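Nothing in this text is a laboratory measurement; each read-out follows from the coordinates by a stated rule. All values reported here derive from a predicted model rather than from experimental measurement. Note that each Cβ is placed from the backbone with ideal geometry, even for glycine, and that neighbours are counted across all protein chains shown.
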Amino acid sequence: MTTPDIAGLCERLRRRRPVGIHRYQMELINSDGPKAAYTIERQAAEIERLRGAAQALIDRWETPLWKDVPATAVFIANLKAALTGEES
């Protein structure tokens, strides 16, 4: 799911509908929606933070000094696979 998809989903989760004759009288369509939207946004931010940390590890260990060490090569391959969603 991409960031615009998450933003749109969260917007829909926070949607309200009119309940009275006045425009300002609104109620949540889903009472759990705002809490769910907050949780999704928090998890998306955490995923982005972890992706950044994984990329930093790749950048640090993917050097000529470490690249030829078999364990490091496997570690880097696994990190790259995790970032792209592929299986290593």
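What's the angle, to the nearest 10 degrees (0 to 90), between helix 33-61's Cα axis and the longest principal axis of the chain?
10 degrees
Here are labelled values, (i) 7.7; (ii) 13.2; (iii) 7.4, and one is the computed mean projected area of the Cα convex hull in nm² for what I pasted. Which one?
Given (i) 7.7; (ii) 13.2; (iii) 7.4, the structure-derived one carries the label (iii).
Give the angle, between 0 and 90 degrees and rounded to the nearest 10, that separates the Cα long axis of helix 3-13 from the longest principal axis of the Cα atoms of the chain.
Rounded to the nearest ten degrees, it is 30.
Percent relative contact order of the chain, based on C-alpha pairs within less than 8 angstrom and at least six residues apart? Each step should come with its number before you reach the end.
Numbers: 61 pairs, mean separation 16.5, N = 88.
Taking the mean separation of contacting Cα pairs over the length of the chain, I get 19 percent.
Tell me which trypsin sites (Lys or Arg not before Pro) from segment 12-88 have a DSSP coil assignment and no more than 10 other beta carbons within 10 Å of their own. Before the final figure, lay out each step's value.
Values: sites: R12, R14, R15, R16, R23, K35, R42, R49, R51, R60, K67, K80; in loops: R14, R15, R23.
Listed in order of number, the matching sites are R23.
Counting other Cβ atoms within 10 Å, which GluC sites (Glu not before Pro) in the chain have at most 12 and lie in a DSSP loop? Display every interim value, and only then the final one.
On the way: sites: E11, E27, E41, E46, E48, E62, E86, E87; in loops: E62, E86, E87.
In loop regions of the chain (DSSP not H, G, I, E or B), the sparsely surrounded GluC sites (Glu not before Pro) are E86, E87.
If you fit an axis through the alpha-carbon atoms of helix 70-84 and take the longest principal axis of the Cα set of the chain, what angle between them do you get, 0 to 90°, nearest 10?
Helix 70-84 and the main axis of the chain meet at about 20 degrees.
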